[in-house]
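In what follows, a structure is listed as structure tokens, so that the remarks can point back to it.
Any read-out appearing in this document is the output of simple, stated calculations on the displayed coordinates, not a laboratory observation. Nothing here was measured: the structure is a model prediction, and the numbers come from that model. When we count neighbours, we look across all protein chains shown, and the Cβ atoms used for this are built from the backbone with ideal geometry, even at glycine.
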């Protein structure tokens, strides 16, 4: 009974392999009139036919740009000063450490080693996170 199943499975595999070889590549994957370079140039705004699309995209981007106002120019040094190291802010922490709570674990008495040696129960403390994490300057610390 088992031999019949094995022979049937082998015959089925042979038919599938031969059927796969009987089809042609061109029949499964027909070729179009466009090459890959034509598709690339059309979609990315390249030299062959996509110049108009690229020009429209550039015009749309220009419409979204705005010149800097005098207030923006005046506020730029103050914004950068918060992140710049100076003698005055060198002693203050800019990157605050995020809390890393300690976990307290009780280890019950047990036998340890190749020669079972009794170890009494004890309490140990270890940090929750493996590394110390820091907050970005200006990030809220109250939620932690």
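For this structure, a couple of remarks:
- Only helices enter this figure: runs of n ≥ 4 DSSP H residues, each worth -39500 (n - 2.57), summed and divided by the residues of the chain, yield -13000 deg cm²/dmol at 222 nm to the nearest 500.
- Calculated FRET efficiency, residue 104 to residue 81, Cβ-Cβ distance, R0 = 35 Å: about 0.20 to the nearest 0.05.
- Calculated Cα Rg over 2.2 N^0.38 Å (choose from (1) 1.01; (2) 1.29; (3) 2.43), label: (3)
- Taking the average, over residues, of other Cβ atoms within 10 Å as the packing measure, peptides 68-74, 133-139 rank 133-139, 68-74 from highest down.
- At R0 = 30 Å, FRET efficiency that the Cβ-Cβ distance of residue 117 and residue 97 yields, to 0.05: 0.15
- For the chain, modelled as a GNM whose springs connect Cα atoms under 10 angstrom apart, the maximal fluctuation among 124, 23, 86 occurs at 23.
- Relative contact order of the chain, pairs being alpha-carbon contacts under 8 Å that are 6 or more residues apart, as %: 15 percent
- Nearest-0.05 FRET efficiency for residue 23 and residue 3, computed from C-beta distance (R0 25 Å): 0.20
- For the chain, a Gaussian network of Cα nodes joined below 10 Å ranks 53, 112, 76 by mean-square fluctuation, and the top entry is 112.
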